[in-house]
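A.B. asks: The structure's right below; bear with me while I get my questions together.
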Amino acid sequence: MKMVPPKEIDLKEEKRANTLLFFLFYLTFVLFDVYRFGIRPLLNPDSEPILYKSLTIMIAHILIYVITTALLPLSIYLSKKQKPFFVKYLYFFVFMAGSLTIEILEYHGTNNVYASGSPVELVFVLFSPIFVDRTYYFVIVIGLVCKYAFMGIFTSSPEVALPIMLLLLFSVVTFIILNRFIGYLNAVEKSYEHSSHNEKLAFIGRIATGVTHEIKNPLTSLKGFVQLQEVEQKYNPKYSKIMLQELDRLNIIVNDLMVLGKPQAVKLKPLDLHECITYVVDLFQQEAENKYISIYTHYDEQVQVLGEDGRIKQVLLNILKNAIEAMPDGGEIRIKLFKDQEWTTVQIIDRGIGIPQKDIPNLEKAFYSTKENGTGLGLMVSYKIIEEHGGKIRIDSEVGVGTTFSLCFPTPI
């Protein structure tokens, strides 16, 4: 499973929260001004609209609308530059500066009791938890309280105590919600980290068990032949050949792990598939005989493909090893080599236990194995190598009948 880094998640969620803020901010901002400058004068014809009290106030309102409108493209730009965390502060500070400027102009030189405010302020307070940011929350609350306190002093209006108290009441409720959000997210994060840690441990344990099983077999074989050499007290070329083959098997297992950990560039050059098959068959001949398995090869002609010798042998070894393991009661394995104008194909046919149809699509996945002690490395690496050679693997299997692996390589022109 592919995991998304926390930073990417934070950016995505911040952008979503900003989108909600844009909608609520502009909707509330515009509707409130429509009410102040359009609906309220109609309901109370005797009152003079604030907008027409002075040219200065009118110009200030126009500038505020221009600046507020310009915030939207600026915010989109910041989001594209992966800096969405500044947007919420930008909107709040611009709104506060504009609101404070208008109110100072409105009340300057008058004896009017301070009775202003905007529902946009409630939007900032009530929806601050969506950003899950205590710093932003405190900036909003402290900023709004300071604004009302300043205007109360500026207009000598003790009545500002009421909106400050209401603001603090809403802030307490919002703070409780914010803390619940943060607590819930922390709990989810800890649960995720714990689950991820356990998953990694299980993954490491599975790989360690599988790799140990893979390496143990050739090591056991090497130990046995060394002991035979000691008992016989003489050099036996047959034992040496088998021991070298077992060392080659160990080398191939290590190569599987290297392909998994660090992909390598494929150097394509003409190679003889007949030679590759013969090498792998010789490598497993002794083990096959010990398990009463006969390996037969059928070649129409000498066939060449473009590939990398060591890696093609690695694939053939993985497939042949699986075929041998699939026949615990012995039997026969047939290897066929043929070609047409498009594909050159190696078929490895066993008469083993077979593979359930539901498992076949999963065989190319990393660490998926139908065997109890399997690592899932061999087939996954084989698929990867064949794909790097421009080829494909086709599997035909029936439970209780056997399996045919077809390794298809592009036929050289």
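What follows draws every value from the coordinates through simple rules; no lab data is involved. This one's a predicted model, so the numbers in the text were calculated from it and none came from an experiment. Cβ coordinates were reconstructed from backbone atoms using ideal geometry, including for glycine residues, and neighbour counts include every protein chain displayed.
A.B. asks: Can you give the FRET efficiency to the nearest 0.05 for Leu100 and Thr19, using r as the Cβ-Cβ distance and R₀ = 25 Å?
C.D. replies: So, using R0 = 25 Å, E works out to roughly 0.40.
A.B. asks: On to the next question. For the stretch 306-348, which GluC sites (Glu not before Pro) are in a loop by DSSP, counting at most 14 other Cβ atoms within 10 Å?
C.D. replies: Answer by residue number: Glu342.
A.B. asks: Moving on to the next point. For a quick check: sort Ile76, Ile277 by the number of other beta carbons within 10 angstrom, fewest at the front.
C.D. replies: Ile76, Ile277
A.B. asks: Grab the stretch 6-156 and count how many Lys pairs have their alpha-carbon atoms under 30 Å apart, sequence gap of 8 or more, or different chains.
C.D. replies: Value for the stretch 6-156: 18.
A.B. asks: Residue farthest toward the positive end of the dipole of the stretch 6-156, with Cβ of Lys/Arg at +1 and Asp/Glu at -1: which of Leu55, Ala70, Val125?
C.D. replies: Among Leu55, Ala70, Val125, the one farthest towards the positive end of the dipole of the stretch 6-156 is Ala70.
A.B. asks: For a 21 Å ceiling on Cα separation, which of these pairs sit above it: Lys267/Lys384; Lys223/Lys313; Lys241/Lys291; Lys313/Lys339; Lys267/Lys321?
C.D. replies: Where the Cα-Cα span goes over 21 Å, the pairs concerned are Lys223/Lys313; Lys267/Lys321.
A.B. asks: Right, next: Can you tell me the length gained on complete extension of the stretch Thr278 to Asp396, counting 0.36 nm per residue apart and subtracting the Cα distance?
C.D. replies: Going from the current span to full extension adds 40.1 nm.
A.B. asks: How high is the relative contact order of the stretch 44-144, in percent, counting Cα pairs under 8 Å that sit 6 or more residues apart?
C.D. replies: That works out to 23 percent.
A.B. asks: Taking amide H atoms as placed 1.01 Å from N in the peptide plane, list the residues 5 or more away in sequence, or in a different chain, whose amide H sits under 5 Å from that of Thr411.
C.D. replies: Distant-sequence amide H within range of Thr411: Trp343, Thr344.
A.B. asks: Step through the residues of the stretch 132-147 one at a time and calculate ³J(HN,Hα) from phi using the Karplus curve (6.51 cos²θ - 1.76 cosθ + 1.60, θ = phi - 60°), rounding each to whole Hz and writing x for Gly and Pro.
C.D. replies: Calculated HN-Hα couplings, in order: 6, 9, 5, 4, 4, 4, 5, 4, 5, 5, 5, x, 5, 4, 5, 4 Hz.
A.B. asks: On to the next question. Long-range amide H contacts for Lys339: which residues qualify at under 5 Å (H placed 1.01 Å from N, peptide plane, sequence gap of 5 or more or a different chain)?
C.D. replies: Under 5 Å from the amide H of Lys339: Thr345.
A.B. asks: So, one more: Be a star and scan the stretch 103-130 for residues whose amide nitrogen sits under 17 Å from the point 7 Å along the Cα-to-Cβ vector of Val34.
C.D. replies: Backbone N within reach: 119-120.
A.B. asks: Which FRET efficiency, nearest 0.05, do Ile67 and Glu342 yield, Cβ-Cβ r, R0 56 Å?
C.D. replies: 0.25
A.B. asks: Give me the distance between the Cα centres of the stretch 386-408 and the stretch 290-352, rounded to whole Å.
C.D. replies: About 10 Å separates the Cα centre of the stretch 386-408 from the one of the stretch 290-352.
A.B. asks: In nanometres, what is the gap between the two model label sites at Ser157 and Tyr235, each 7 Å from Cα along Cα-to-Cβ?
C.D. replies: Each label point is offset 7 Å from its Cα along the Cβ direction, giving 10.7 nm.
A.B. asks: Then there is this: If you average the C-alpha positions of the stretch 169-198 and of the stretch 112-157 separately, how far apart do those two centres end up, in angstrom?
C.D. replies: 25 Å
A.B. asks: Turning to a different aspect of this structure: Could you give me the ³J(HN,Hα) list for the stretch 98-108, computed from phi with Karplus coefficients 6.51, -1.76, 1.60 and θ = phi - 60°, whole Hz, x at Gly and Pro?
C.D. replies: In residue order, the calculated couplings are x, 4, 5, 4, 4, 5, 5, 5, 5, 9, 5 Hz.
A.B. asks: Starting from the amide H of Glu332, placed 1.01 Å from N in the peptide plane, find each other amide H under 5 Å away whose residue is 5 or more places distant or on another chain.
C.D. replies: Hits under the 5 Å cutoff: Ser294, Arg351.
A.B. asks: What's the magnitude of the charge dipole for the stretch 6-156 around its Cα centre, counting Lys and Arg as +1 and Asp and Glu as -1 at the beta-carbon? Answer in Debye, nearest 20.
C.D. replies: Rounded to the nearest 20 debye, it is 520 debye.
A.B. asks: From the backbone phi of the stretch 13-25, what are the Karplus-calculated ³J(HN,Hα) couplings (6.51 cos²θ - 1.76 cosθ + 1.60, θ = phi - 60°) in whole Hz, Gly and Pro given as x?
C.D. replies: Whole-Hz 3J(HN,Hα) from phi for the stretch 13-25: 5, 5, 5, 5, 5, 5, 4, 5, 4, 4, 4, 5, 4.
A.B. asks: Stretch Phe86-Ala149 to full length: gain in nm at 0.36 nm per residue minus the Cα-Cα span?
C.D. replies: So the extension gain works out to 20.1 nm.
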